[in-house]
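Reading through the structure tokens given below for one structure.
The values are calculated or read from the model by the stated rules, or taken from the named source; none is laboratory data. Note that the structure is predicted; figures quoted are calculated from it, not measured. When we count neighbours, we look across all protein chains shown, and the Cβ atoms used for this are built from the backbone with ideal geometry, even at glycine.
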Amino acid sequence: MSEESLPEDTRPQSAGAGYDGAPDEPAEALPAYAERVLDVAELIPPGRVMTYGDVAEWLEEGGPRQVGRVMALYGGAVPWWRVVRADGALLPGHEQRALGHYRAEGTPLKEASRAAEGHLPRIDMRRARWDGGERAEGHT
């Protein structure tokens, strides 16, 4: 995915002067959109999940790919396993770590059939999906 497909404030910041001559944010600064995505990830209760699209819809900005990009770049500091694919499949390359979190939190899972690749369960989206409840006061 190219940076151009992300909301403008999700793109990595460059050091230097802004339009008004003032210095831009340092390159390490977290983009505002990324902060909002990560804030939502932190609101998801243990044992519940939201899809990438749910997060984008809740924020009323971006889409599933943009949320996925933020989670891939910055999600390590939040409960990343609670932001998932809509089909309930576990995140490729992180299946065992995620599964450990799901089991510890009591996230509803659908056990895999013996024919399923790797015999990995999926998240039971009907039971595990969180709709965000009432919007949190002060939500951005």
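Total residues in segment 12-61 satisfying the condition of being at positive phi and modelled with pLDDT under 95: the figure is 2.
Which members of segment 70-105 meet the condition of being among the hydrophobic types (A, V, I, L, M, F, W, C), in a loop (DSSP other than H, G, I, E, B) and free of Cβ contacts under 8 Å to residues at least 24 places away in the same chain? Break it down into steps so the answer makes sense when it comes.
Initial filter on segment 70-105 (among the hydrophobic types (A, V, I, L, M, F, W, C)): 70-73, 77-78, 80-81, 83-84, 86, 89-91, 98-99, 104.
From what is left, the residues that are in a loop (DSSP other than H, G, I, E, B) are 78, 86, 89-91.
L91 - this is the single residue of segment 70-105 that is among the hydrophobic types (A, V, I, L, M, F, W, C), in a loop (DSSP other than H, G, I, E, B) and free of Cβ contacts under 8 Å to residues at least 24 places away in the same chain.
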